[in-house]
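Asker: What follows is a single structure, and I will ask about it in a moment.
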Amino acid sequence: MELIITEKDNAARRIADILSGGTYDSSRENGVNVYEWGGKRCVGLSGHVVGVDFPDEYSDWRDVEPVELIDANVEKTATKENIVATLRILARKATRVTIATDYDREGELIGKEAYDIVRDVDEEVPIRRVRFSSITENEVQSAFDDPDDLDFDLAAAGEARQIIDLIWGAALTRFLSLSAGQLGNDFISVGRVQSPTLKLIVDREREIQAFDPETYWELFGDLTKDETTFEAQYFYRDEDDNEAERVWEEAVADEVYETLAERDSATVVDVNRRTRTDTPPEPFNTTQFIRAAGALGYSAKRAMSIAEDLYTAGYITYPRTDNTVYPDDLDPEELLDDFVGHPTLGDSAEDLLEADEIVPTEGDEETTDHPPIHPTGEIPTRGDVSDDEWEVFELVVRRFYATVADAAVWEHLKVVTEVDDYRLKSNGKRLVEPGYHDVYPYFSTSENYVPDVAEGEELALTDVELEEKETQPPRRYGQSRLIETMEDMGIGTKSTRHNTLEKLYDRGYIESDPPRPTKLAMAVVDAAENYADRVVSEEMTAQLEQDMDAIASGEATLDDVTDESREMLEEIFANLADSRDEIGDHLRKSLKDDKRLGPCPECGEDLLVRRSRHGSYFVGCDGYPDCENTLPLPSTGKPLILENECEEHGLNEVKMLAGRQTFVHGCPLCKAEDAGEGPVLGTCPDCGDEHDGELAVKTLESGSRLVGCTRYPDCEYSLPLPRRGDIEVTDERCDEHDLPELVVHSGDDPWELGCPICNYQEFQARESDSGSDLEALDGVGAKTVEKLADAGIESLDDLTEADPDAVAEDVDGVSADRVRTWQAKA
DNA sequence: GCAAGGTC
């Protein structure tokens, strides 16, 4: 029995399909899919199934000095126990093992992890390694015809990275967290990738803060030829003889303005016409995909999550890749053929197929990991995927179209006119050959019309304007720009860069989008720059890459590299020791600055945004417990403190971040003063006995209403009320809850809501019996639920037990792969 | 409860 091990389940299934000619059987062991045919079994891992960590005795942050972690043992432990267990069982029965993990450094390490697990149960069994860069018939067959050995040096290079990242990350993270007393969930993290990324954001913020705007002037006028009017802008030659439009002295600007304004014509002195070829874009790697999806409004995280779903369902290729060159076995014509006849994607494919020759564009990166992201040729039915999924799928399809389309051609026309010694220019552009823009409508193709004129012609000059402007600070990085910059700097990987950004949000280092650093982030970067410069610099990764290359080529060993790294960290800690309190004070101060709203009207200390034990946010006084002043915050979203201050109270305004429902709450004190607290209904069932809390009808700043406790935010008991209509409190009382019955007046028929507690209980009961739990799955709507029900699948439980292939046969428009994805999610 | 890297 030969055992084949791949990096992921999806690859295992496709390799089984290729090697067995489609005749494999699948079964599940410990929740792991095993594919079997003619004396072979194939199983997929889930990336790394073991991870590095310190022994247990190092796990209490307060008991262990962070510096001790530098020389602590680093152990490997199973992180995916079910997969490791399955692998051990399968390895015992194997007479030969083939490792077929991804063809890159991390894949070699993952292969080595599998190797160690197999060796642990069988010291003798031959273990070989196959390498292929795309899972296609040709590549896979020839890889298996010509197997190789595992590259232990390359795997060791990866292990060195794991050890160095763990030691530096853990030791410095613990040091900063302990110095500021931030333990538990709010620790202060540092790492080889996250910290240089954070420094990028912080450095840009420093530039913005230090920016001193300068005033300048620009002059515009309208020119007319044969009733066509177009814009012209004043320009001059600066000291380096470059064209410049900005005038830095007001007197000069006025002088030019006066001359232009009093003249009514300008003479054409130069006409320059040229054509420009606009080459089609390169195939998608992960970064460029994220950028293009970003332009459609998707966050990096969301774009990757949708791509992942489209990949698992079989519609697009693997979304994590560095490659921008299509492999030889991708036949563009064949792939275009798959789209012919499609109602919305078909026309473009047919147009492209009419070309004499199809030559795809290529980028600079030709790697062995995976092909560039492209459609597989399998097309989802519109109703089977969400609108977002379809939009992203179409983007991937059209990007593929663009890479095999013709270049576009633009015609640029530059007209220079003169008034006395002053010159004006007009730039026109026209798209003469739309080329790839016809199939890839995501780039702007706006034209700017400038008519044909000849040298010496006199054009009417009107509407001369002098505009005063200010230079602008540099702009904050957007998410996709950050990911591109990380790639340029060589930090992170195609699989992790978008997660790193999420991590910075989670740690409270950045807020909002485009991300803005918090005071805490500024302080962390400050501390790192002063004491551990290496960890915030891209140099650390660059050096590590060199060291890993040295290990991979046999010029250095894992121990050489990790020992040297440990020594560097020892030195850092030697310098840190004396400054612990100073660093801690700075961090603590910054943490408070991030929460500060302004002065407490009752005691003059600071009002801070705080979080209750239940997780909700409120405004509390720093003078607590001496001052017990509190103000409520809305229950939806996470508060973001804005820069603008309320004029009346001197408090910063607050915005509530809640995805699409994000809204500006404003000054919490104004809101509290305005908040309509309506009639009191009765005793609060949660805190009434203990603290005399009462329930009242409340109107929130968002306009929605609820029945809530008067002791909010100390008591968070609340009941929903309808959004519209006047609420009448009747004399009838509910026997069970001793609350008045309510009537809502909206339109002609009053709605007898009754006791708010009874009403809420009934509402909850209805919610829980209605509908099918299948609807919780991605892309499953009422229609699919109905189709599944026809096939005898009425619940998630039914679905988990069903055979994917049978379901695919019975249910129209549902593939076996999709069923497997659902099963995995269920 | 620390990192970064895989993958779901």
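Asker: Of the listed peptides A:220-227, A:158-165, what is their order by residue-averaged count of other C-beta atoms within 10 Å, with the highest listed first?
Answerer: Values: A:220-227: 15.8, A:158-165: 20.6.
For the peptides A:220-227, A:158-165, the packing ranking is A:158-165, A:220-227.
Asker: I need the GluC sites (Glu not before Pro) found in region A:518-601, filtered to DSSP loop residues with at most 13 other beta carbons within 10 Å of theirs.
Answerer: Sites meeting the loop and neighbour criteria: A:Glu555.
Asker: Mind checking which lysines have their Cα closer than 27 Å to the Cα of A:Lys40? Skip sequence neighbours fewer than 8 apart in that chain.
Answerer: A:Lys8, A:Lys80, A:Lys93, A:Lys112
Asker: Whole Å is fine, so just give me how far the alpha carbon centre of region A:125-151 lies from that of region A:384-440.
Answerer: 43
Asker: Additional query: In region A:417-486, carbon and sulfur make up what percent of the accessible area (probe 1.4 Å)?
Answerer: Heavy-atom surface of region A:417-486 belonging to carbon and sulfur, 1.4 Å probe: 40 percent.
Asker: Read phi for every residue in region A:168-174 and hand back ³J(HN,Hα) as whole Hz from Karplus 6.51 cos²θ - 1.76 cosθ + 1.60, θ = phi - 60°, with x for Gly and Pro.
Answerer: 5, x, 5, 5, 6, 4, 5
Asker: Please list, in order, the residues from region A:169-191 whose amide nitrogen is less than 16 Å from a point placed 7 Å along the Cα→Cβ vector of A:Asp585.
Answerer: A:179-181
Asker: Follow-up. How about A:Lys595: which lysines have a C-alpha closer than 27 Å to its C-alpha, ignoring those fewer than 8 places off in the same chain?
Answerer: A:Lys199, A:Lys301, A:Lys503, A:Lys519, A:Lys638, A:Lys655, A:Lys671, A:Lys698
Asker: Relative contact order for chain A: what percent, with Cα pairs under 8 Å and sequence separation of 6 or more?
Answerer: In percent, rounded to a whole number, it is 11.
Asker: Taking θ as phi - 60°, what are the ³J(HN,Hα) couplings along region A:289-297 by the Karplus curve (6.51, -1.76, 1.60), each to the nearest whole Hz, with x for Gly and Pro?
Answerer: Each residue of region A:289-297 in turn: 5, 4, 5, 5, 5, x, 5, 8, x Hz.
Asker: Counting pairs of alpha carbon atoms under 8 Å apart in space and at least six apart in sequence, what relative contact order in percent does region A:286-405 give?
Answerer: Once normalised by length, the contact order is 35 percent.
Asker: Find the accessible area per residue for region A:95-213; the probe is 1.4 Å, ligands and nucleic acids are left out, and the unit is Å².
Answerer: Dividing the accessible area of region A:95-213 by its residue count gives 38 Å².
Asker: Now for a different question. Got the relative contact order for region A:600-674 handy, in percent, Cα pairs under 8 Å and 6 or more residues apart?
Answerer: In percent, rounded to a whole number, it is 21.
Asker: Can I ask one more? Would any residue of region A:457-490 have its amide N under 19 Å from a label point 7 Å out along Cα→Cβ of A:Asn272? List them or say none.
Answerer: Backbone N within reach: A:457.
Asker: Of all DSSP beta bridges located in chain A, what percent are antiparallel, nearest 5?
Answerer: Looking only at bridges with both residues in chain A, the antiparallel portion is about 90 percent.
Asker: Shifting gears a bit: Return the sequence-ordered ³J(HN,Hα) values of region A:65-75 in whole Hz as given by the Karplus equation 6.51 cos²θ - 1.76 cosθ + 1.60 applied to θ = phi - 60°, using x for Gly and Pro.
Answerer: 5, x, 4, 5, 5, 4, 9, 5, 5, 10, 10
Asker: As a check on your grasp of the helix formula, calculate [θ] at 222 nm for chain A: sum -39500 (n - 2.57) over DSSP H runs of n ≥ 4, divide by the residue count, round to the nearest 500.
Answerer: Values: 25 runs with 303 residues, N = 826.
Result for chain A: -11500 deg cm²/dmol, rounded to the nearest 500.
Asker: Going by average Cβ density within 10 Å per residue, which order do the peptides A:9-15, A:352-358 take, highest to lowest?
Answerer: A:9-15, A:352-358
Asker: Give the peptides A:88-98, A:468-478, A:386-396 in descending order of average Cβ contacts within 10 Å, highest first.
Answerer: Details: A:88-98: 16.9, A:468-478: 12.7, A:386-396: 18.9.
Sorting A:88-98, A:468-478, A:386-396 by mean packing, highest first, produces A:386-396, A:88-98, A:468-478.
Asker: If the viscosity is 1.567 mPa s and the temperature 4 °C, what Stokes-Einstein diffusion coefficient in µm²/s follows for chain A when Rh is the Kirkwood radius over Cα pairs?
Answerer: 40
Asker: Starting from the Cα gyration tensor of region A:286-405, take the square roots of the eigenvalues, sort them a ≥ b ≥ c, and report rounded, prolate or oblate (rounded when a/c is under 1.5, otherwise prolate if a/b is larger than b/c, else oblate).
Answerer: oblate
The values are calculated or read from the model by the stated rules, or taken from the named source; none is laboratory data. Source: prediction; values computed, not measured. Backbone-built Cβ (ideal geometry, glycine too); neighbour counts: all protein chains shown. Ligands, DNA and RNA are excluded from the accessible area calculation, which covers all protein heavy atoms including side chains. Shrake-Rupley method; radii C 1.70, N 1.55, O 1.52, S 1.80 Å.
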